[in-house]
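A quick write-up on the structure given underneath.
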Amino acid sequence: MKKALTTIIIIAIILIGIFVAGPFYIVNEGEQAVIVQFGKITNVVTNAGLKLKIPFIDEVVRYPKKIMAWDGEARIVPTAERQFIFVDVVARWRIDDPKKFYESINRVEAAYSKLAEIIDSEVRTVVAENPLRESVRNSNLILERTPDTDALGLDELDTEIIVTTTQSGTNNDIITRGRRQLAGEILTRSRRMVPEYGIELIDVVTRQISYSPELTPSVYARMIRERNQIAMFYRSQGEGRKAEWLGRLDNDRRSILSAAYEQAEIIRGSADAEAARIYADAYNTDRNFFDFWRAIESYRTTMPNFDKTLTTNMDYFRYLYSPRQ
């Protein structure tokens, strides 16, 4: 009896110890777990809920199941022209295979370091293989913009000339891939490296690209040069249009003056003819009075212009000094 009681007590103690050690564990939502026995993986749990383990033997290693963000540091990277820029990228990732993750990396903190090593290496490779313009721009929209033809008074031919000229002057700045495509290439290259660590790389995004202090003045100088070239073209185009409009204005002025002169000559001719007719009628009515009137009109016009008169013994002054008149 005493022996049976002792056995019961021992069993009770063992059971209490088992329950105290915790035969159950909980996997929360957004978590996954790896069950390890003496360093060997025996089970992988990806579903949330209450689970059973062997106390003192099974070790539960929990990993997040959610998507996590990796935020890299801005690195100075050379481009294909050996121009140095600061590139700052971010990535999203998650643990896809907890077993591989435990065997290769084990800790989440180590995964961030591994991602930094892989992504930074691919960023340097991709950026170094491409010109600067491919890293800083996404499209050629700035080269494809057409001017406001209504505001500038340009026709379709002028617009086509402007677009052709501006694009031909900046052929060296046309991009074929762009920053977004380079980010996609970095993602593709990095994805080839991470599966062996049980990691799934979801995306890689270029957050910021900035010029190094040594490169900034040359970039600004190039931008100023390009804008000046476009401005000079607009000025020359404007001068050409100005000359064209001034030519049209001068032609219109000459045409208006010519028409006005023609109309004036017609009116003057008609008036002269009418005056000649009136003079002829007056002359035929009373010739002596007509001659007298014409002489008086001539005196009014010419006499005020004479400084002195040396003689009046001439036919012109017959109406002033002749007693017969």
* Asked: What net charge is computed for the residues neighbouring G49, neighbours being all others with C-beta under 15 Å from the C-beta of G49, Lys and Arg scored +1, Asp and Glu -1?
  -> +2
* To do: Compute the length gained on full extension between E185 and R82: take 0.36 nm times their separation in residues and subtract their Cα-Cα distance, giving the result in nm to one decimal.
  => 35.0 nm
* To do: Compute the distance in nm between two label points, each set 7 Å from the Cα along the Cα-to-Cβ direction, one at V108 and one at R62.
  => 1.0 nm
* Give me the distance between the Cα centres of the range 263-298 and the range 177-218, rounded to whole Å. => 101 Å
* How far apart, in nm, are two points set 7 Å out from the Cα along the Cα-to-Cβ line at E129 and at N47? -> 4.4 nm
* Structure fact -> Other residues with Cβ under 10 Å from the Cβ of S135 give, with Lys and Arg +1 and Asp and Glu -1, a net charge of +3
* **Computed lengthening from I202 to A275, 0.36 nm per intervening residue step minus Cα-Cα distance** => 16.0 nm
* Asked: By how many nm would the segment from R192 to D250 grow when fully extended, if each residue of separation counts as 0.36 nm and the alpha-carbon distance is taken off?
  -> 13.6 nm
* Estimated distance in nm for a label pair at R287 and E262, the labels positioned 7 Å out from Cα along Cα-to-Cβ -> 4.3 nm
* Net charge contributed by nearby residues that have their C-beta within less than 12 Å of R192 (K/R +1, D/E -1) -> -1
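No lab work stands behind these numbers, since they all come straight from the coordinates. Since we're looking at a predicted model, the values are computed, not measured. Heads up, the Cβs are rebuilt from the backbone with ideal geometry, glycines too, and the neighbour counts pull from every protein chain shown.
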